[in-house]
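Asks: Got a structure for you, questions after.
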Amino acid sequence: MHWNPESYERDVGFVSDLGADLIGLLAPEPGERILDLGCGDGRLTAQLAETGAVVTGVDSSAEQIAAARARGLDAEVMDGHALTFEATFDGMISNAALHWMTEPDRVLAGVHRALRPGGRFVAEMGGAGNVAAVRDALRAAMDRRGLDFEAANPWYFPDAAEYSARLEAAGFEVSAIKLFGRPTPMEAGFRAWMEVFGPRFIDQVPAGDRAAFLDEVEALARPALWRDGAWFIDYVRLRFVAVRT
Ligand code: BEZ
């Protein structure tokens, strides 16, 4: 997946803002070493660094890591499925990134290796039911074209029971976990959301049909997501605090 840091910041910068209270849950002490897993353009990582923690960000996107480094952050390109750190961090934070990692047990094994015993893992990701109306609209418009939604689907949205079981199996104690809805206004419009987050689907559609495809997805999603003159994306978050044993 290629990210455009400019449109990410301009159109969906709210993603990092909504994750900001994860920092309070992590409660880093000055000098603690913290990893931001899936740091994107580093907006949240920079807020974390302001606490006095020693922060590193990793992300699989070279474009996003370049944007994070441009903020003066320590950041490197790394696939969350293959973290290379060994007992390096006192804590780890992850916002709106884990649902792009479709092999969660590999991710959690790497998080466990990267943390010191007692290290905290605080994260928020898309959970069960996340962007259901968007997915339904995409599935319907793709079905009509004979395209396979599931084959293109890059997202993993677990419920609390499933993710708790995975955390425990990977060697964590789960202090808190909850699934909650957070319908989120999308000021830049539905199309802009699709253009930032939907390329895996859009790329399946022949170039000459893409505008019609996006019109159709938007029309299908509108009854569920457009109200009071604004678009609301039907986000459902899974948020947890876990401790490495
Ligand atoms: C999310 O943050 O839940 C999300 C973002 C982009 C695509 C799908 C889900």
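The values are calculated or read from the model by the stated rules, or taken from the named source; none is laboratory data. All values derive from a computational prediction rather than experimental measurement. For neighbour counting, all protein chains shown are included, and Cβ atoms are generated from backbone atoms with ideal geometry for every residue, glycine included. Ligands, DNA and RNA are excluded from the accessible area calculation, which covers all protein heavy atoms including side chains. Shrake-Rupley method; radii C 1.70, N 1.55, O 1.52, S 1.80 Å.
Asks: Quick check on this structure: which one of G19, G91, G52 is away from the ligand (no atom under 16 Å from the Cβ) and buried (at least 19 other Cβ atoms within 10 Å of the Cβ)?
Replies: The match here is G91.
So that you can scan it fast, the table gives a plain yes or no per residue for (1) modelled with pLDDT under 95; (2) within 16 Å of the ligand (Cβ to nearest atom); (3) closer than 24 Å to S94 by Cβ; (4) exposed (fewer than 12 other Cβ atoms within 10 Å of the Cβ):
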{"site": "A169", "(1), (2), (3), (4)": "no, no, yes, yes"}
{"site": "F213", "(1), (2), (3), (4)": "no, no, no, no"}
{"site": "V217", "(1), (2), (3), (4)": "no, yes, no, no"}
{"site": "G229", "(1), (2), (3), (4)": "no, no, no, yes"}
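Asks: Is it fair to say A68 is more than 16 Å from the ligand (Cβ to nearest atom) and either in contact with a helix residue (DSSP H, G or I) (Cβ under 7 Å, 6 or more places away or on another chain) or part of a helix (DSSP H, G or I) (or both)?
Replies: Judged against the criteria, A68 is a match.
Asks: I would also like to ask the following. Suppose we filter the stretch 107-151 for residues that are within 13 Å of the ligand (Cβ to nearest atom), within 24 Å of R191 (Cβ to Cβ) and open to solvent by 10 Å² or more (accessible area, probe 1.4 Å); how many remain?
Replies: 4
Asks: Taking the residues in the stretch 32-47 that are among the aliphatic types (A, V, I, L, M) and crowded, with 24+ Cβ neighbours inside 10 Å as candidates, determine which candidate is nearest to W100 (Cα to Cα).
Replies: Applying the filter and picking the extreme gives L37.
Asks: Can you find even one residue in the stretch 121-128 that is more than 17 Å from the chain's Cα centre (by Cα) and either closer than 27 Å to G171 by Cβ or at pLDDT 95 or above (or both)?
Replies: Scanning the stretch 121-128, I find no residue that is more than 17 Å from the chain's Cα centre (by Cα) and either closer than 27 Å to G171 by Cβ or at pLDDT 95 or above (or both), so the answer is no.
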